[in-house]
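*Asks:* Below are the structure tokens for one structure; questions will follow.
The values are calculated or read from the model by the stated rules, or taken from the named source; none is laboratory data. Predicted model only: the values in this text are computed from it and were never measured. Because the Cβ atoms are built from the backbone with ideal geometry, glycine has one as well, and the counts that use them run over all protein chains shown.
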């Protein structure tokens with residue numbers, strides 16, 4: 001596997017890029033900070049995929065345009081992009097649950113959310129107020145994985161990767177179907193490529 005510091009930094013980077021735009025992050029992108037992080041990531045099993053050109057300084061939009069693109073993708077009225085794990089899995093796999101929507105998808109606060117509440121509690125991971133109802137938001141899952149890379153063994157990292165970061169391809173399909181702006185489709189595809197590197201490098205599987 002790549003060195004823990006570089007891997008942790010990449011998970012944190014993706015978490016930051018999926019958050020609402022701010023001027024500090026925009027300045028870092030324009031300064032090439034994300035390019036530096038990606039270039040510094042060792043990939044002992046082979047070459048890593050190129051960073052998308054849309055996220056490189058030369059072609060990245062100005063700050064106001066970036067905000068407009070983000071708001072289009074995540075509109076509170078009718079969001080095109082809902083990066084929350086529970087939405088992509090059955091609400092609960094508990095066979096004793098008799099709720100009529102128990103096996104439905106597209107709902108919040110499913111099994112994944114409740115499992116993550118417990119994982120965060122055990123780790124002392126503070127849940128930000130804006131994500132209090134969606135602990136399985138991709139922003140938080142990536143931030144938590146960044147922490148695991150620094151503090152947990154490979155088996156625990158692999159378990160989290162298999163249990164909670166296994167739905168990104170479905171998110172990408174939805175993003176393409178719902179005409180999410182290309183900037184964010186590129187970001188999700190880039191993330192999925194990184195997760196593929198991680199799966200190849202981390203030993204074992206929980207499946």
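Per-residue answers, yes or no, for (1) surrounded by fewer than 19 Cβ atoms within 10 Å (Cβ to Cβ); (2) assigned to a helix (DSSP H, G or I); (3) touching a residue at least 40 places away in the same chain (Cβ under 8 Å); (4) touching a strand residue (DSSP E or B) at 6+ places or on another chain (Cβ under 9 Å):
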{"site": "143", "(1), (2), (3), (4)": "no, yes, yes, no"}
{"site": "150", "(1), (2), (3), (4)": "yes, yes, yes, no"}
{"site": "155", "(1), (2), (3), (4)": "yes, yes, yes, no"}
{"site": "166", "(1), (2), (3), (4)": "yes, no, no, no"}
{"site": "170", "(1), (2), (3), (4)": "yes, yes, yes, no"}
{"site": "184", "(1), (2), (3), (4)": "no, yes, yes, no"}
{"site": "189", "(1), (2), (3), (4)": "yes, yes, yes, no"}
{"site": "196", "(1), (2), (3), (4)": "yes, yes, no, no"}
{"site": "200", "(1), (2), (3), (4)": "yes, yes, yes, no"}
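*Asks:* Continuing with the same structure: Given the conditions (1) in contact (Cβ under 8 Å) with a residue 12 or more places away in the chain; (2) not in a helix (DSSP H, G or I), which single one is not true for residue 72?
*Replies:* (2)
*Asks:* Give 174, 186 a once-over and let me know the one that is within 16 Å of the chain's Cα centre (by Cα), at pLDDT 95 or above and closer than 17 Å to residue 79 by Cβ. So that I can check it myself, show each step before the final result.
*Replies:* Numbers: 186 fails: closer than 17 Å to residue 79 by Cβ.
Matching residue, one of 174, 186: 174.
*Asks:* Among the numbered criteria (1) under 21 Å from residue 70 (Cβ atoms); (2) outside any helix (DSSP H, G or I), which one does residue 135 miss?
*Replies:* Going through (1) under 21 Å from residue 70 (Cβ atoms); (2) outside any helix (DSSP H, G or I) one by one, residue 135 breaks only (1).
*Asks:* Within segment 36-53, track down each residue that is surrounded by 14 or more Cβ atoms within 10 Å (Cβ to Cβ) and over 18 Å from the mean Cα position of the chain (by Cα).
*Replies:* From segment 36-53, those surrounded by 14 or more Cβ atoms within 10 Å (Cβ to Cβ) are 37-38, 41, 43, 48-49, 51-52; that's our starting set.
43, 48, listed by residue number.
*Asks:* Moving on to the next point. From the list 49, 20, which residue is assigned to a loop (DSSP other than H, G, I, E, B) and modelled with pLDDT of 95 or more? Let's see the steps before the verdict.
*Replies:* Working: 49 fails: modelled with pLDDT of 95 or more.
Matching residue, one of 49, 20: 20.
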